[in-house]
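See below for the structure under consideration.
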Amino acid sequence: MPLTISLDGKKLLKLSKGEYTLLSLSSGTFEMKVASYTVMANGAMTSASTKVPVTFSKGQTQYLTFDMISGGYTYAPFTLSQERAVEAVQKLTPVGMAVKEPIAPNP
C-alpha cells in the first residue's frame, strides 16, 4: 500500500515501496502528514498517519526518506545526506519528475 504525503493539508503525492520522486517546493515550515494503512495484530487493516513539522530552505536540495516509526504502525520523514540519498536511490524506481531527472550515482 502506498504512502500518501501531504503538506499543510494539501495532498502532494503517493509513493509505493521501492519508489522515489523529485518535488519543487516553496521554502518555509510546513506540517507534513504521512498517511498509510497497516495491519493490526488481529488482522484488521486500518489507516495510520503521522504529522510532523518540516522546514525547506530556499535554493537548497533536501533529501527525505520515509521510515516506519512508533512500534511499526506509522511512517515519518527523515533527512538524508546527499551521499546517502544517491546510494539509496540506486535500489529504487524513479517516478514522477524523477523519471526525467533521476538522481545519478557519483562518478
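What number of residues within region 24-43 are surrounded by fewer than 15 Cβ atoms within 10 Å (Cβ to Cβ), of a type outside the set (Asp, Glu) and not in a loop (DSSP other than H, G, I, E, B)?
First pass over region 24-43, keeping only residues surrounded by fewer than 15 Cβ atoms within 10 Å (Cβ to Cβ): 24-29, 31, 37, 39-43.
Subsequent filtering for residues that are of a type outside the set (Asp, Glu) retains 24-29, 37, 39-43.
Then drop every residue that is not not in a loop (DSSP other than H, G, I, E, B), which leaves 28-29, 37, 39.
Selection size over region 24-43: 4.
What about Pro77, is it touching an Asp or Glu at 6+ places or on another chain (Cβ under 9 Å), farther than 20 Å from Glu31 by Cβ, surrounded by 14 or more Cβ atoms within 10 Å (Cβ to Cβ) and not aliphatic (A, V, I, L, M)?
Criteria not met by Pro77.
Is there a residue being within 21 Å of Thr4 (Cα to Cα), out of contact with any Ser or Thr (no Cβ under 7 Å at 6 or more places or on another chain) and among the aliphatic types (A, V, I, L, M) anywhere in region 94-106?
Taking every residue of region 94-106 in turn, at least one turns out to be within 21 Å of Thr4 (Cα to Cα), out of contact with any Ser or Thr (no Cβ under 7 Å at 6 or more places or on another chain) and among the aliphatic types (A, V, I, L, M).
For Thr21, state whether it is modelled with pLDDT of 90 or more, exposed (fewer than 11 other Cβ atoms within 10 Å of the Cβ) and of a type in the set (S, T, N, Q).
On the way: modelled with pLDDT of 90 or more: yes; exposed (fewer than 11 other Cβ atoms within 10 Å of the Cβ): no; of a type in the set (S, T, N, Q): yes.
No: the conditions fail for Thr21.
Kindly list, by first and then second residue, each pair from a residue in region 36-56 that is in contact (Cβ under 8 Å) with a residue 40 or more places away in the chain to a residue that is surrounded by 13 or more Cβ atoms within 10 Å (Cβ to Cβ), limited to pairs with Cβ atoms under 7 Å and residues at least 6 apart or on different chains.
Pairs that qualify, where the first residue is in contact (Cβ under 8 Å) with a residue 40 or more places away in the chain and the partner is surrounded by 13 or more Cβ atoms within 10 Å (Cβ to Cβ), are Val54/Phe30; Val54/Met32; Val54/Pro77.
Restricting to region 44-63, name every residue that is in contact with a helix residue (DSSP H, G or I) (Cβ under 8 Å, 6 or more places away or on another chain) and in a strand (DSSP E or B).
Within region 44-63, Thr50, Tyr63 qualify.
Scanning region 88-107 for residues that are of a type in the set (D, E, K, R) and part of a loop (DSSP other than H, G, I, E, B), which turns out farthest from Leu23 (Cα to Cα)?
Filtering first and then ranking leaves Lys91.
The values are calculated or read from the model by the stated rules, or taken from the named source; none is laboratory data. As the structure is a prediction and not an experimental result, all values here were calculated from the model. Methodologically, a virtual Cβ is constructed for each residue, glycine included, from the backbone with ideal geometry; neighbour enumeration extends over all protein chains shown.
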